[in-house]
Amino acid sequence: MSTSHPDPEPAPPPDDVAGDPELVGPAPVQAHAFLLYNAARLAILGIAFAVFALVGFRGIALLIVAFLVSGAVSYLVLYRLRGDAANGLVSLYWRVNDRIDARSRGEDDD
């Protein structure tokens, strides 16, 4: 069964999986977007935590308010970084699927 996706690039011929950069992890640009997005989320959480601590929140209330506010701010502000990180994960998914399809076609030929 073939799958259609936005990446029309043909799958490379099957070869040894060990050490294959396409299966080991995401490409450096995709990993960079993922790490940048998560670092920005942590920075926003830290800022929210500090601001609400200075305002006077303490204990569990501080944690709850900081997480809720930082989540909302991250959702609104980091939409582009979130999209880049998501595109990197989708690209990795399609590359792995292409490799699996190529391997099954190679097994069918044998």
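Any read-out appearing in this document is the output of simple, stated calculations on the displayed coordinates, not a laboratory observation. Being a predicted model, the structure only gives us computed values, none of them experimental. Counting neighbours? That spans all protein chains shown, and the Cβs are built from the backbone with ideal geometry, glycine included.
Applying the selection to region 54-103, what residues are of a type in the set (Lys, Arg) and either more than 20 Å from Tyr37 (Cβ to Cβ) or touching a residue at least 24 places away in the same chain (Cβ under 8 Å) (or both)? Give the derivation first.
First, pick out the residues of region 54-103 that are of a type in the set (Lys, Arg): 58, 80, 82, 95, 99, 103.
Once the filter is applied, which keeps residues that are of a type in the set (Lys, Arg) and either more than 20 Å from Tyr37 (Cβ to Cβ) or touching a residue at least 24 places away in the same chain (Cβ under 8 Å) (or both), region 54-103 yields Arg58, Arg82, Arg95, Arg99, Arg103.
Exactly one condition in (1) surrounded by 13 or more Cβ atoms within 10 Å (Cβ to Cβ); (2) out of contact with any helix residue (DSSP H, G or I) (no Cβ under 7 Å at 6 or more places or on another chain) is not met by Ile60; state its number.
(1)
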